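As structure tokens, the structure follows; a few thoughts come after it.
Taken together, the values in this text are just the output of simple stated rules run on the coordinates, not laboratory data. Being a predicted model, the structure only gives us computed values, none of them experimental. Using ideal geometry, Cβ is built from the backbone for each residue, glycine included, and neighbour counts are taken over all protein chains shown.
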């Protein structure tokens with residue numbers, strides 16, 4: 001379970017361009033559920049998502065991962081939690097150009113110090129799972145949108161995380177690919193993973209898969 | 001074990017990262033290798049020559065005594081040998097006959113020497129390989145010389161001295177005493193200088209002082225001084241080489257600094273992705289460290305190997321005119337391979353360390369940004 005208490009995030013604090021991105025957000029995300037953060041652009045979804053995923057620290061407030069308070073942990077520990085607990089799927093996929101699909105998938109696991117052969121085997125398994133094993137050694141810039149997305153999902157799963165975080169995952173996909181994405185999320189959900197998605201796409205938030213929709217506006221949770 | 005596997009994984013990623021910018025990195029490695037090649041060649045060659053000179057001079061007498069007239073080196077009376085031999089501490093005194101000869105036909109300078117045990121007869125000479133090349137002659141041929149009286153004298157070449165017989169033998173001509181005296185009209189009671197051996201190395205300076213006292217018109221040259229002079233000459237020559245190449249060096253430093261220290265927007269984005277997917281700042285720095293090491297170590301090793309081949313296998317054709325020989329004849333010889341590990345370490349420190357540092361520092365700055373930056377772009 002992930003618990004957020006009175007989370008506030010301010011960018012450029014104390015400067016003329018100070019910007020409050022999240023304001024007093026309190027939220028409990030249950031394990032194994034699919035939660036969607038919904039709201040227009042600039043509502044604070046992405047910021048809240050990055051705070052949940054230990055990518056950014058809140059300006060004030062507390063975050064608990066299970067029983068563990070993680071707000072004040074040093075960067076090293078936060079990174080470790082991020083690597084082991086969360087798998088990220090970004091809006092732009094954020095694959096590294098110039099290297100192959102399999103290398104991109106393996107990337108988050110490199111710092112673990114795992115045997116290269118075993119890691120490669122695992123990455124191949126994931127590419128297989130998403131039916132893109134034919135593209136294993138293809139450089140990612142030559143992949144289609146759907147293929148790139150599946151590589152990004154495989155990368156998010158390489159460390160076998162219990163929580164999947166996806167930021168506007170369907171923003172650059174057509175309807176068919178968006179539905180395909182939701183099917184994959186369904187599969188991951190059935191495996192028992194917690195899924196948190198920030199989206200204002202009806203294909204996502206209106207999906208039967210979603211257990212809970214959290215609506216945000218102007219940095220606040222409105223419902 | 002996990003630590004080793006982590007290094008291997010990061011190195012693997014680093015190498016495929018480098019391969020993405022093949023052209024740019026290959027150009028960098030080529031220029032870097034060229035710089036290390038020049039520096040290492042100068043260094044290896046200077047050291048090898050110094051060592052060569054040192055080996056040659058180890059066989060030289062402790063003191064060479066010259067006669068000075070009006071501040072110039074003059075022929076020495078043979079009788080001085082007897083005076084010197086009576087000085088306490090002096091071992092053997094050997095009068096020597098040697099000189100230089102300019103061959104107007106081939107425009108070359110030769111060194112002429114009368115060895116103690118010249119095994120050929122009157123009218124015979126033994127010549128160095130350089131002389132044979134310059135005079136286009138070989139064993140059994142006749143070689144003409146103009147005597148000091150202007151008359152043409154011919155000698156028969158009985159032997160070509162082997163090229164391994166050191167750097168100095170290239171322009172050498174050896175002949176009998178009578179021929180030498182005739183050629184240069186040197187009287188029987190005169191020699192070029194005296195070679196004085198001193199049994200106890202501690203007494204060399206004392207003996208030299210005694211000689212100066214007994215024979216005030218002479219100049220004793222102590223072997224250690226010659227060694228020092230050789231060292232200074234080779235250092236000075238290698239300095240000239242470095243000055244010549246300093247422009248290229250400076251250009252490389254600017255180029256490498258620019259390449260290594262500036263991160264492109266693409267590289268910054270990649271660092272953001274790595275951090276967002278669970279890499280620590282230290283992992284990113286580790287990756288950049290290996291990147292710097294891969295480039296600089298590859299260049300360093302290739303530069304050093306090429307320099308080794310250049311100096312010890314192909315006799316340093318690029319530096320030959322500056323580094324070797326005084327005369328018109330450049331000896332064709334191979335210096336004995338000799339590597340000073342202290343110097344290699346210095347070169348490594350001056351090339352690999354600055355480049356690797358220049359690679360790591362900017363990435364450290366980029367790697368300390370919040371990982372959520374990649375979510376916000």
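Results, tabulated for the structure shown:
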{"read-out": "For segment A:2-221, share of DSSP beta bridges that run antiparallel, in % to the nearest 5", "value": "50"}
{"read-out": "Stretchable slack from residue B:214 to residue B:51, in nm (0.36 nm times residue separation minus alpha-carbon distance)", "value": "55.2 nm"}
{"read-out": "Contour excess over end-to-end distance, with Cα ends at residue A:121 and residue A:28 and 0.36 nm allotted per residue", "value": "29.9 nm"}
{"read-out": "Degrees separating the helix A:75-85 axis from the principal Cα axis of chain A, which is the longest one", "value": "60"}
{"read-out": "Choice from B:290, B:257, B:279 showing the highest fluctuation, given a GNM over chain B with Cα pairs closer than 10 Å", "value": "B:279"}
{"read-out": "Once the Cα gyration tensor of the protein assembly as shown is diagonalised, semi-axes √(5λ) in Å", "value": "84, 24, 18"}
{"read-out": "log₁₀ of I(q)/I(0) at q = 0.11, 0.12, 0.17 Å⁻¹ - segment A:2-221, Debye sum with one point per alpha carbon", "value": "-0.54, -0.64, -1.24"}
{"read-out": "Peptide-level mean, for A:157-164, of C-beta atoms on other protein chains within 10 Å", "value": "1"}
{"read-out": "By average C-beta atoms within 10 angstrom, highest first, the peptides B:220-233, A:166-179, B:137-150", "value": "A:166-179, B:220-233, B:137-150"}
{"read-out": "Approximate spin-label separation residue B:2-residue B:69, in nm, with each point projected 7 Å along Cα-to-Cβ", "value": "8.9"}
{"read-out": "Distance between modelled label sites at residue B:154 and residue B:309, nm, 7 Å Cα→Cβ extension", "value": "4.7"}
{"read-out": "Amide N proximity, segment B:277-310 versus residue B:27 label position 7 Å along Cα-to-Cβ, cut-off under 13 Å", "value": "none"}
{"read-out": "Relative contact order of segment A:113-160, pairs being alpha-carbon contacts under 8 Å that are 6 or more residues apart, as %", "value": "44"}
{"read-out": "Nearest-ten-degree value, helix B:265-276 long axis tilted from longest Cα axis of chain B", "value": "60"}
{"read-out": "Rh (Kirkwood; distinct C-alpha pairs) - chain B, Å", "value": "25.5"}
{"read-out": "Cubic angstrom per residue, convex hull over Cα atoms of segment B:76-191", "value": "112"}
{"read-out": "Degrees separating the helix B:204-214 axis from the principal Cα axis of chain B, which is the longest one", "value": "40"}
{"read-out": "Förster radius 22 Å - calculated FRET efficiency between residue B:199 and residue B:94 (Cβ-Cβ, nearest 0.05)", "value": "0.95"}
{"read-out": "Per-selection metrics, segment A:100-223 (Cα): Rg and Dmax in Å", "value": "15.5, 48"}
{"read-out": "Linear extension gain, residue A:209 paired with residue A:60, 0.36 nm per residue minus alpha-carbon span", "value": "50.4 nm"}
{"read-out": "Relative contact order computed over chain B (Cα-Cα under 8 Å; 6+ residues apart), in percent", "value": "28"}
{"read-out": "Value of relative contact order over segment A:3-65, rounded to a whole percent, pairs C-alpha under 8 Å and six or more apart", "value": "46"}
{"read-out": "Estimated 222 nm signal from helices in the protein assembly as shown, with DSSP H stretches of n ≥ 4 weighted -39500 (n - 2.57), rounded to 500", "value": "-15000 deg cm²/dmol"}
{"read-out": "Residues of segment A:27-50 with amide N under 16 Å of a point placed 7 Å along Cα→Cβ from residue A:218", "value": "A:39-45"}
{"read-out": "In nm, spacing of pseudo-spin labels at residue B:119 and residue B:235 (7 Å Cα→C-beta vector)", "value": "4.1"}
